[in-house]
Structure formats: structure tokens, C-alpha cells
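A short worksheet on the structure shown next.
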Amino acid sequence: MANDASTVSDARPPAVSNDLLADPFTPPADSTLWRTNFLLGAATASYQIEGAVNEDGRLPSIWDTFSATPGKVLAGDTGAVACDHYHRWEADVDLLTSLGLEGYRLSVAWPRVTDAAGKPNRKGLDFYKRLLARLKEKGIQTFVTLYHWDLPQHLEDRGGWLNRDTAYRFADYADLISRELAGMVDAWATLNEPWCSAYLGYGNGHHAPGLADGRFATQAMHHLLLAHGLAIPVLRANDPASQKGIVANIGRGTADSDSAADRRAAHLFEVQHNAWILDPLLKGEYPQDLFELWPGTEPLVLDGDMQTIAAPLDFLGINYYFRTNVASDGARGFRDVPLEGVERTQMGWEVYPDGLRDLLIGFNRTYANLPPIYITENGMASDDKVVDGRVDDTQRISFLKRHFSAVDQAIKAGVDIRGYFLWSLMDNFEWAFGYERRFGIVHIDYSTQKRTVKRSAECVAKFLKERQARI
Ligand code: IFM
């Protein structure tokens, strides 16, 4: 989950131990990640890498507006140029291929492919057609997200996700794009991280469109989930051979003490971060605890909405980054109690791989109909520098190794996990933190657009090569 300022601190990571340096990456021989049908790829998103915001008929998005508003994004950064991927996509696909990555998760920019009347914008569509065709030619599996936060501004001007009509406009967009790209996509995800769109966008205003009201957050969430539910049958009809799913960010909440009140606080944290999204999708209902935590915020739900939202899924995408330690805050539910002396990333987020394992095992117990899982994002930001042509991102290597192990443990405990996408293929526009925070396994020099493969990417490539050699 990106950019919740409450989770950012100045803590610096401790040094990485010697044995990790000696054997930086390769999973142990009995790891399930050696299975060649476990897909290993990398992920990006349109606004974070494409740039070219005024080209070929692209319309403004809420992130163009938000990032142009003083004080909203660190250093006044915007996605106007980003990694210039719109012009450099061929070299970027070559980069993916040279690393041996088997999957690529990207998103389509809604304002690039439709005009204000929802009609196709041919030039924008052609960009994605060329990109997907090249990826297919290279044998790379494609996971395409329809909405990674770049809502067309003209829809926000009519209420954005607070307006139920946006859900229907999204279904129209899903219809158009899946007709156009049918047969070119291996897996469709409707939304990326509705928690961030609803809570950060409409609940606390840290993200576009920057509104801050608890009732807005729950209503926006309802319309986002409705949009998802309306789009799933459309995608099935238009592109039957592909998988259909959604991507949720999940958060681990642990109790600061063993007291019943703190344990309840940790439970409420996970209701707010996980069950708020997963219960409607997998049980067809909102968790009632959510409205105890946020009284008076029940969204307007029309007859049939919950059945629409609970449309069966082929996969669930899970994005995991960190845990939050919490204590009871009386009527306010929970408050963060940051732990001291723990390893943190450039975002200030705690490195806590067990949280991923524990959440996955917990979901497998809670949801009888849990679909197959892909880890659609996992990774970390570090203040990476190019020194003598190399980027030695030791902490990321260790981070990835430990999260691979967490995934392996969850698989061995019975969770059906089919793949893992690193966040991110390259450093990019990290929303409210602009370009300062670097999540890539490839370094970007924003003044020259030079790409430099980091050591973590070399480790992943080496592992993939060894795995391939075993076939
Ligand atoms: O960069 C974001 C991404 O867009 C969505 N998931 C979290 C990442 C890191 O904050």
C-alpha cells in the first residue's frame, strides 16, 4: 500500500548479515520456487512509467491534476515524463527479456485509450497493441491491469468514484479494451489496490483526487468494487481464454501487547485493510466490524450489488509490503505503535516477510472459495546510486530472498500461489513521493533516462537461468 504518510519514518536499515552476502539469493533446493510453472515476473503501472501525458490524444487524469497542485507531491514531481516508457518501450521489453523474466504486469491508461465520450482513441490503443504483440513474441506472459489509479479527469469532474455512474463507465471501458486486445493478454486484473484508491484518494486525501472524508472512502470503495464486478462478465465474454481477477494490497497488523484490547486493535486493522475488500469479493458482504470502527459510514448499496461484486474470480492478485504494529485506541479502534530497532526500507516500512506468509495462510482458512493467488507486487524502495556503473542494492537482494522464502512456506502450508511479480521493473514515479523513492530492480537516471540493471536484477536473472537449465 503506497504512501500512507503515517508509515514513513527516518529509520535506516541495519547492515545485512555476512551469510546473505556470501549466498545472496538462490532459494534452497527444496523451495517450490524452483518449479518452472511458478511464474516470475516484474510489474509497472502506466502513470508511473509512461510519461507522454499530452501525446497522441491522451486526456488528463486525476494524477496529472493532483501532481500539478502545489504541495501534493514531494519536490513538485509529476508523471509528465516519468521513465519515458511511451517512447522507450522497445528497449524496455528487451531489458525484460535480457533478465529472463517470464511475466510482465502492466496497466492500461484509461485516459490514453478513450476520448471524453468513451470512444476509442486509436493511437493510444495502438501503443498497447504494439507492446503486447512484442511481449507475446518474446514469450512473456502478460498481466494487464485496467485501472491503476489514473482516472480520466473528466470523470472526476462528474464525481469520480463517488458517482455510481463511474462504475458503468468503467464497464464500458473494460468492454472496449477487451474487444480490442482479446487474445493478446494472459490475465486481466480489473483494479489495482482499491484500498488505496478509496482510502488514500477519498478518505485521507494523500492521493488523487485528494478528498478526505470517511463516508467518501466507503462509498468510493463500493463503486470501485461494483465497477470490478460489472467488468468481470464483460471480460469473460470478450476474451474467454484469459484469466480474470483483481489486485488487492494487504496489510499485516500485529498487536503491541497480548491484551484483549490490543489484539482486537490488530483485528480491526486487518478488517480495515483486508476484509473491507476481500469480504465483499469472496463472501458477498462488507465486514460489520468496519462500521463499528467507522460508525455512520455505511455506503449506499443497491439490490443486487453484492452479488455483482462477488463474481467468481480466476485469480486474486496480492500486493504485500510491510506490517503495522498497533495498540488499542479506545473508540478510535487502533493506533500505530512503530517498533524500534527493526529493519526498515527507504519508505520507513518495516521489512517483515512473515506477514506475507501469515496473511496468505489466514486467507486460505477464512475464505472457502479463495482463488489461486499471484503475488502481483512485492519489493522495496532504497536510495540506490550508480557507482562505477553498478548499483549494489544489497538490502533488496536480502529482502527478495526472505519474501521468496515466505511465499514458499505459504505454498507448503497449502496456499495455491502461482507466481510472483517484483515491484518494480524500474524506478518510477512513486505517487506522493515522486522520484525520490526507488523501487526498481533497474535504476533510472531521470536526467538521461539511462537504465542500469541493479545487482538484485542480476540475482533474479541468474536464478531464472539456473531454473531454466533444469528443464
Ligand atoms: O508504487 C506503488 C504501486 O503503484 C502500487 N502498490 C504499491 C507500490 C509502492 O508504493
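Structural remarks
- Pairs, first under 14 Å from R335 (Cβ atoms) in the range 258-273, second open to solvent by 40 Å² or more (accessible area, probe 1.4 Å) and assigned to a helix (DSSP H, G or I), C-beta under 9 Å, six or more apart: A261/G330; L268/E292; Q272/Y199
- Among the conditions (1) touching a residue at least 60 places away in the same chain (Cβ under 8 Å); (2) under 30 Å from L131 (Cα atoms); (3) of a type outside the set (D, E, K, R); (4) crowded, with 24+ Cβ neighbours inside 10 Å, the only one that H223 does not satisfy is (2).
- The residues of the range 27-61 that are among the hydroxyl-bearing types (S, T, Y) and over 25 Å from D92 (Cα atoms), listed by number, are S31, T32.
- Qualifying residue in the range 390-407 (condition: farther than 22 Å from P27 by Cβ, surrounded by fewer than 21 Cβ atoms within 10 Å (Cβ to Cβ) and not polar (S, T, N, Q)): yes
- Of all the listed residues (Y199, Y168, Y173), the sole one being farther than 15 Å from A311 by Cβ and under 16 Å from the mean Cα position of the chain (by Cα) is Y199.
- For the range 230-282, the candidate set comprises residues that are acidic (D, E) and over 20 Å from the mean Cα position of the chain (by Cα); within that set, the residue that is most open to solvent (accessible area, probe 1.4 Å) is D258.
- The set of residues in the range 296-354 that are part of a strand (DSSP E or B) and under 30 Å from S242 (Cα atoms) comprises F315, L316, G317, I318, N319, Y320, Y321.
- Test: D213 is free of Cβ contacts under 8 Å to residues at least 40 places away in the same chain and of a type in the set (D, E): yes
- Filter result for T394 (touching a residue at least 60 places away in the same chain (Cβ under 8 Å), in contact with a His (Cβ under 8 Å, 6 or more places away or on another chain) and away from the ligand (no atom under 16 Å from the Cβ)): no
- Restricting attention to the range 381-391, the residues that are within 13 Å of T345 (Cβ to Cβ) and either more than 16 Å from the ligand (Cβ to nearest atom) or among the hydroxyl-bearing types (S, T, Y) (or both) total 1.
- If you go through the range 446-471 and pick out every residue that is under 30 Å from G210 (Cβ atoms) and touching a Lys or Arg at 6+ places or on another chain (Cβ under 9 Å), you end up with 1.
- Any hit, the range 232-242, residues being without any contact (Cβ under 8 Å) to a residue 24 or more places away in the chain, more than 28 Å from P372 (Cα to Cα) and either of a type in the set (D, E) or out of contact with any His (no Cβ under 8 Å at 6 or more places or on another chain) (or both): no
- A search for C-beta distances below 6 Å between a residue of the range 75-88 that is of a type in the set (S, T, Y) and any residue that is part of a loop (DSSP other than H, G, I, E, B), counting only pairs 6+ apart in sequence or on different chains, returns Y86/E50; Y86/G51; Y86/A52.
- Those residues of the range 177-195 which are among the hydrophobic types (A, V, I, L, M, F, W, C) and farther than 26 Å from Q219 by Cβ, in sequence order: L181, A182, M184, V185, A187
- Selection of first residues in the range 424-437 that are within 15 Å of H148 (Cα to Cα) and of second residues that are open to solvent by 10 Å² or more (accessible area, probe 1.4 Å) and among the acidic types (D, E), restricted to Cβ pairs under 7 Å at least 6 apart or on distinct chains, gives the following pairs, ordered by first then second residue: F429/D77.
- For the range 89-116, the tally of residues that are touching a residue at least 60 places away in the same chain (Cβ under 8 Å) and open to solvent by 40 Å² or more (accessible area, probe 1.4 Å) stands at 2.
- Selection count where residues are touching a helix residue (DSSP H, G or I) at 6+ places or on another chain (Cβ under 8 Å) and either farther than 20 Å from L146 by Cβ or of a type outside the set (A, V, I, L, M, F, W, C) (or both), scope the range 49-66: 10
- The lone exception for A217 - which of (1) in contact with a Gly (Cβ under 7 Å, 6 or more places away or on another chain); (2) outside any helix (DSSP H, G or I) it fails: (2)
- Each residue in the range 230-253 was checked for being in a helix (DSSP H, G or I) and in contact with an Asp or Glu (Cβ under 6 Å, 6 or more places away or on another chain), and 1 of them qualify.
- Residue in the range 183-197 that is away from the ligand (no atom under 16 Å from the Cβ), modelled with pLDDT of 95 or more and in a helix (DSSP H, G or I) present: no
- Leading residue by the ranking (nearest to F439 (Cα to Cα)) among those in the range 37-66 that are hydroxyl-bearing (S, T, Y) and buried (at least 23 other Cβ atoms within 10 Å of the Cβ): T44
- Within the range 408-464, tally of residues that are assigned to a strand (DSSP E or B), within 16 Å of the ligand (Cβ to nearest atom) and within 19 Å of the chain's Cα centre (by Cα): 6
- For beta carbons closer than 6 Å, sequence separation of 6+ or different chains, a first residue in the range 310-321 that is closer than 13 Å to N274 by Cα and of a type in the set (G, A, S) and a second that is open to solvent by 10 Å² or more (accessible area, probe 1.4 Å) and not in a loop (DSSP other than H, G, I, E, B), the qualifying pairs are G317/Y374.
- If the condition is being surrounded by fewer than 23 Cβ atoms within 10 Å (Cβ to Cβ) and not aliphatic (A, V, I, L, M), then the range 358-381 contributes D358, G362, F363, N364, R365, T366, Y367, N369, P371, P372, N378.
The values are calculated or read from the model by the stated rules, or taken from the named source; none is laboratory data. On a predicted model such as this, the values are computed, not experimentally measured, just so you know. Every residue, glycine as well, gets a Cβ built from its backbone with ideal geometry; the counts of neighbours run over all protein chains shown. Protein only, heavy atoms only, side chains kept; ligands, DNA and RNA dropped before computing areas. Shrake-Rupley method; radii C 1.70, N 1.55, O 1.52, S 1.80 Å.
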